[in-house]
Amino acid sequence: MAFNFDSCPERAGTDSTKWHKYPNKYPNKDIIPCWIADMDFMSPPAVIDAVQARAAHGVFGYPAQRDGVFASVVNHVRRRHGWEINPEWVTFMCSLVPGIHATIRAASKPGESVVTTAPVYPPFLSAPVISERHPIKLEMVFVDGRWTFDWAALEAACAQPHTKVLLLCNPYNPLARVFDRTELDRLAALVRKHDLTVCSDEIHCDLVLDPAAKHLVFAALGEDIAARTVTLMAASKTFNIAGLTCGFAIIPDAGLRTRFRRVLQGLSLDQNMFGLVATQAAFDHGEAWRLECVDYLRGNVDLIEAELKGMPGVVLRQRPQSSFLAWFDVTALGFEDPHAEFEQGGIGFSNGADFGGPGHVRLNFGCPRERLREILRRMKAVVARAPGRRS
Ligand SMILES: Cc1ncc(COP(=O)(O)O)c(C=O)c1O
């Protein structure tokens, strides 16, 4: 290994959202935060060097989006995902959540319907409501050993006359699915048939852990599909640079792109200067680090699977295929508020209820193995005192 994922700098006291939460909430309690989706690893050396060099310049006026950063994005998307894009299709933003909102507003009117699935990254549930659209929330289903769409429900939802937008999380947070060609083709046929716009959030696409899975860009399924899709991507999850606030939308259709940009106009949602520098460095020079990171995360999944064997009542239905997130069904433990129980046991998971999945918790395993081992040890202790275990 050329990079060290086993030891990380202390993050407590470094203005980290993840690490700031517990000293604030329980000042005297030792809780390991494993909730919000950033990793505890240092970014690739090439990224750190680029940011330090930019900082050393000492002048931090408004940044320009130089040709170089567009070329990095174009090359990255081609090299990693085989999709040929035009730099003009790219819109940089400070983060991807505004891109979800902007797609909804660009492609529908108040009162029209937006289809989303659950459990899911919470803004997928709140964005339609905030924009005064009617949300149609469908449950993901576990069939033949994997999480997938409820096709009959999806067809019915897409067929409703007021449905205009489908929100797709690809790969899927929190179920960590990497959808295959058959599933995506089926989705493509549905949105084509019912003339829908798709917001395909692909922020997790460069962390595919399952060697048998391959990320497929939804928009790359066909020119007509590209024309009705807003693809959201960023280097932020993969290279752990979320705090540098930079993501981008890829929108091939000129009309949709203009409407999308108009929604964002005037809201000052431009990306950060350091975000551009870091994104470019990550895409151009981060590949060796990315590969090792994926390998390390796979090792973390192996550890989780091994330890869960000793935790009856904690169900990980499918081995995570992507990212650093594991979705546990803990209903069988019989806790009224499982998230709070785990907090009392020293573990700061994401609360499944926030994702539309009560009775579940989400583990962020983007951390050194020893820390993960300690999280799993604490989990075992909580499981051992669960009421469901005694009945
Ligand atoms: C699917 C998905 N989209 C978007 C985001 C957030 O992206 P950003 O910080 O760029 O808004 C996350 C963060 O966890 C995510 O999982």
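Listed values, structure above:
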{"quantity": "Eligible lysines near residue 309 by straight Cα distance, threshold 18 Å, same-chain separation 8 or greater", "calculated": "380"}
{"quantity": "For the chain, built as a Gaussian network whose Cα springs stay under 10 Å, the top-fluctuating residue of 308, 267, 167", "calculated": "267"}
{"quantity": "Normalised per residue, the volume of the convex hull around the Cα set of region 18-170 (Å³)", "calculated": "227"}
{"quantity": "When region 163-305 is reduced to its Cα atoms, the Kirkwood hydrodynamic radius in Å", "calculated": "16.6"}
{"quantity": "Approximate spin-label separation residue 55-residue 268, in nm, with each point projected 7 Å along Cα-to-Cβ", "calculated": "2.4"}
{"quantity": "Segment residue 162-residue 137, length gained on full extension (0.36 nm per residue, minus Cα span)", "calculated": "7.6 nm"}
{"quantity": "Cα centre as origin, Lys/Arg/Asp/Glu Cβ charges: the chain dipole, Debye", "calculated": "440"}
{"quantity": "Projected label distance in nm at residue 180 and residue 291, using a 7 Å step from Cα toward the beta-carbon", "calculated": "2.6"}
{"quantity": "Ranked 115, 263, criterion: other C-beta atoms within 10 Å, fewest first", "calculated": "263, 115"}
{"quantity": "Straight-distance crosslink candidates among lysines, where the alpha carbon sits under 29 Å from residue 109 and sequence neighbours closer than 8 are dropped", "calculated": "137, 164, 193"}
{"quantity": "Paired Rg and Dmax values of the chain, which use every Cα atom, in angstrom", "calculated": "20.8, 65"}
{"quantity": "Per-residue Cβ neighbour rank within 10 angstrom, fewest leading, 291, 216", "calculated": "291, 216"}
{"quantity": "The chain - share of DSSP beta bridges that are antiparallel (%, nearest 5)", "calculated": "50"}
{"quantity": "Span per principal axis, largest first, for the Cα atoms of region 95-184 (Å)", "calculated": "38, 31, 20"}
{"quantity": "Ranking of 233, 273 by count of other Cβ atoms within 10 Å, fewest first", "calculated": "273, 233"}
{"quantity": "Rg/Rg_globular for region 53-98, with Rg_globular taken as 2.2 N^0.38 Å and Rg from C-alpha atoms", "calculated": "1.42"}
{"quantity": "Selection from 318, 372, 254, by position along the positive dipole direction of region 250-391 (Cβ)", "calculated": "318"}
{"quantity": "Region 287-350: mean projected area of Cα convex hull, nm²", "calculated": "5.0"}
{"quantity": "Estimated FRET transfer efficiency when R0 is 35 angstrom, pair residue 118-residue 62 (beta carbons, to 0.05)", "calculated": "0.30"}
{"quantity": "Candidate lysines for bridging to residue 21, where Cα separation is under 16 Å - those fewer than 8 sequence places away on the same chain excluded", "calculated": "29"}
{"quantity": "All-pairs alpha carbon distance profile, region 1-51, 10 Å steps from 0, percent", "calculated": "21, 46, 25, 8"}
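Here, each number is a calculation from the coordinates, and none is a lab measurement. All values derive from a computational prediction rather than experimental measurement. Note: ideal-geometry Cβ built from the backbone for every residue, glycine included; neighbour counts use all protein chains shown.
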